[in-house]
């Protein structure tokens, strides 16, 4: 059997790699610190607070693809010691409804919710909704999600801006 980390790595690769090739308007390669923006995280993960205010990575791809479905993609990544967060938010061009993958690690436990499912693929894990409210040049993600085993993840993630989503190495 696969452990949660292997599944998460596979899902993240499956979600990000197809979209990166579809990104238009690539810019010169930036160092990781140059692509970080001010981020405020105020979540409750399985009853535990996950609060952060500082620099993290927020990206946006206006033209991406998930399982052969054209969509916009936003991504937030935060890693700090024993905790981490990764949110990938998809808005299909067809208007079929927003989808997301959210992975949090806190206090040595991992939590995953994945609502990505298209005619081309995807496996639902857990349930919930993420709402994105833009506020140029950034925006706020409001999260109300439940993992497959019933753990809840609620709260907000605010990005002060978004870098262009580009493949590692340019």
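Relative intensity of the range 87-170 on a log10 scale, I(q)/I(0) at q = 0.12, 0.18 Å⁻¹, equals -0.41, -0.89, per a Debye sum over C-alpha point scatterers of equal strength in the absence of solvent. Over the range 23-165, the Kirkwood radius and the radius of gyration, each from Cα atoms, give a ratio Rg/Rh of 0.95.
By DSSP, the beta bridges lying fully in the range 28-170 are antiparallel in about 95 percent of cases.
Packing, taken as the mean count of other beta carbons within 10 Å per residue, orders the peptides 122-133, 61-72 from highest to lowest as 61-72, 122-133. Computed over the range 57-107, the range of Cα coordinates on each principal axis works out to 39, 16, 14 Å, biggest value leading.
Values of log10 I(q)/I(0) for the range 123-170 across q = 0.15, 0.27, 0.31, 0.33 Å⁻¹ run -0.57, -0.91, -1.03, -1.11, by the Debye formula with one identical scatterer at each alpha carbon and no solvent. Computed from the alpha carbon positions, the gyration tensor of the range 40-80 leads to an equivalent ellipsoid with semi-axes of 27, 13, 7 Å, biggest first.
Readers should treat all values here as calculations from the given coordinates under stated rules, not as data from a laboratory. Bear in mind the structure is a predicted one, so any value in this text is a computation, not a measurement. Here the Cβ is made from the backbone with ideal geometry for all residues, glycine too, and neighbour counts use every protein chain on show.
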